[in-house]
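Below is one structure; the comments refer to it alone.
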Number of protein chains: 2
Amino acid sequence: MDRFLSSSVNRIDAKGRVSVPAHFRSVVQKRGYTELYALRCLDQPAMDVGGLDLLDRYEQRIAQEDPFLQTADDMSFFCHGDGAFLKLDQDGRITMTDFIREHTGIGQEVAFVGRGQFFQIWEPGRLAEHGAKVRERLLKLMQAASGGPAQ
Amino acid sequence: MDRFLSSSVNRIDAKGRVSVPAHFRSVVQKRGYTELYALRCLDQPAMDVGGLDLLDRYEQRIAQEDPFLQTADDMSFFCHGDGAFLKLDQDGRITMTDFIREHTGIGQEVAFVGRGQFFQIWEPGRLAEHGAKVRERLLKLMQAASGGPAQ
DNA sequence: CCCGTTCCCGTTGACGCCCATAAACCCCCA
DNA sequence: TGGGGGTTTATGGGCGTCAACGGGAACGGG
């Protein structure tokens, strides 16, 4: 399996470290990532984490823009400047910096959420909240499409 | 890694010196920059810092303009005259001159922001302000493109 | 001679490396 | 099917290294 799947919550220790779930670590290794890059999500209090290929998609998009327009500058600012490297230590842990805590609201615990090609980092409470909203939206979509709740 | 990525804030000492983040220094070395060149951003209270190839980007921009128009002359004045060399001392520090402080509003602390091919220098407060605006603009862009937030 | 700059050294705190422990998990076997 | 026992994982902590930082001293130009 080479995709990031499932989710789990781990505790942060006194030094600010937290273990990346073993399953995610094996995916990281299988994909040959030598370092992890974390990006602040635009519309969620979460970080997107993956290899540097996370940037490829954005950089291709930026290349399509006129490099001297504001949009291109904004995009570059977002994907190059609003990110951080996450170094895995020898025990497979990463440290939660203020940069991450500020955006996510993470305090003592971290929720890791698989997203296929990458994974996310959340404050567990906010993740639950977000999950409820997502389910609600999907439910409404289904009801609108079929004229009633599926069963 | 040969791109300027991520961001961090460092303090300025009593002599006006500030450490360039170690990661940025290694990129500078890897790219073979013998000296750093800093330009005043046109539309932001920030400095663009990089090798002399930073000028290529602006000269390319100037080439797009009609050389008989004032715009081209203005741009040339800006990129050839409104810049400064930044000397790295033996400990990897640069000096914050009044030239930089004037344009950026930098006081006691400096935020270094990776931008891929170059990096920027900001006053931390203004950076946060700018970042918020950028995220807002990009969000609107996303919503306009897809009719709703992604995912 | 003064002032600003550069070099060099010491301090401090953050981070990476290592080891220890405890809990969870898996597999084999009775 | 219900244990053992070994293995892996999560987590805590000691310790060394290095980056960031502060300050003294040497250097050089005006």
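The values are calculated or read from the model by the stated rules, or taken from the named source; none is laboratory data. This is a predicted model, so every value here is computed, not measured. Cβ placement follows ideal geometry from the backbone for every residue including glycine, while neighbour counts extend to all protein chains displayed. Heads up: the accessible areas ignore ligands, DNA and RNA and are worked out on the full protein's heavy atoms, side chains in. Shrake-Rupley method; radii C 1.70, N 1.55, O 1.52, S 1.80 Å.
So how much slack lies between B:Leu69 and B:Arg31, counting 0.36 nm per residue of separation and subtracting their Cα-Cα distance, in nm?
The B:Leu69-B:Arg31 span can extend by a further 10.2 nm.
So what are the ³J(HN,Hα) numbers for segment B:99-106, from phi and the Karplus equation (6.51, -1.76, 1.60; θ = phi - 60°), rounded to whole Hz, Gly and Pro as x?
4, 7, 4, 4, 6, 9, x, 5
Roughly to the nearest percent, how much of the accessible area of segment B:7-123 is carbon and sulfur, given a 1.4 Å probe?
48
For B:Ser26, place a label point 7 Å from Cα along the Cα-to-Cβ direction in every copy; what are the distances to the other copies, in nm, shortest first?
2.9
As an exercise, identify the GluC sites (Glu not before Pro) in segment B:10-103 lying in DSSP coil whose Cβ has no more than 16 other Cβ atoms within 10 Å.
The qualifying sites are B:Glu35, B:Glu65.
Report, as an integer, the average count of C-beta atoms from other chains found within 10 Å of each Cβ along B:109-119.
3
With n ≥ 4 as the cut-off for DSSP H runs, can you work out [θ] at 222 nm for chain A, using -39500 (n - 2.57) per run divided by the number of residues, rounded to the nearest 500?
So the helix-based figure for chain A works out to -12000 deg cm²/dmol.
Dipole of segment A:7-123, Cα-centred, from +1 at each Lys and Arg C-beta and -1 at each Asp and Glu C-beta, to the nearest 20 debye?
It works out to roughly 680 debye.
On average, how many beta carbons from a partner chain sit within 10 Å of the beta carbon of a residue in A:40-53?
The mean count of partner-chain Cβ atoms within 10 Å per residue comes to 2.
Would you check the accessible area of A:Leu127, probe 1.4 Å, heavy atoms only, in square angstrom rounded to 10?
Its accessible surface works out to 40 Å², give or take rounding.
Cα centroid distance between segment B:68-136 and segment B:2-56, in Å?
The two parts, judged by their Cα centres, are 9 Å apart.
In Å² (nearest 100), what accessible area is buried between A and B, both sides summed, heavy protein atoms only, 1.4 Å probe?
For chain A against chain B, roughly 2500 Å² becomes buried.
Could you give, in nm with one decimal, how far B:Leu55 is from each other copy of that position, shortest first, with labels 7 Å out from Cα toward Cβ?
2.6
Quick check on chain A: take the gyration tensor over C-alpha atoms, sort the square-rooted eigenvalues as a ≥ b ≥ c, and tell me if it's rounded (a/c under 1.5), prolate or oblate.
Note, shape of chain A comes out oblate.
Among B:Ala38, B:Gly92, B:Phe68, whose Cα projects farthest towards the positive end of the dipole of segment B:1-109, with charges put on the beta-carbon of Lys, Arg (+1) and Asp, Glu (-1)?
Value: B:Gly92.
Taking a label point 7 Å out from Cα toward Cβ, give me the nm distances from A:Val9 to the same spot in the other copies, shortest first, one decimal.
A:Val9 label point versus its equivalents elsewhere: 3.0 nm.
Please report, to one decimal in angstroms, the Kirkwood hydrodynamic radius of segment B:19-72 built from all distinct Cα-Cα pairs.
13.0
Can you give me the Rg/Rh ratio for segment A:43-112, using Cα atoms for both radii and the Kirkwood formula for Rh?
Computed over Cα atoms, the ratio is 1.04.
Test of the criteria: in segment A:82-148, which trypsin sites (Lys or Arg not before Pro) are in a DSSP loop and have at most 11 other Cβ atoms within 10 angstrom of their Cβ?
Those that pass, being in a loop and sparsely packed, are A:Lys87.
If you filter segment B:29-102 for chymotrypsin sites (Phe, Trp or Tyr not before Pro), then keep DSSP loop positions with at most 13 other Cβ within 10 Å, what is left?
Answer by residue number: B:Phe68.
Using the structure shown, select from A:Lys87/B:Lys140; A:Lys15/A:Lys133; A:Lys87/A:Lys133; B:Lys30/B:Lys87; A:Lys15/B:Lys133 the pairs with a Cα to Cα distance greater than 25 angstrom.
A:Lys87/B:Lys140; A:Lys15/A:Lys133; A:Lys87/A:Lys133; A:Lys15/B:Lys133
How large is log10 of I(q)/I(0) for the protein assembly as shown at q = 0.11, 0.12, 0.14 Å⁻¹ when the intensity is taken from the Debye formula with one equal scatterer per alpha-carbon?
-0.77, -0.89, -1.15
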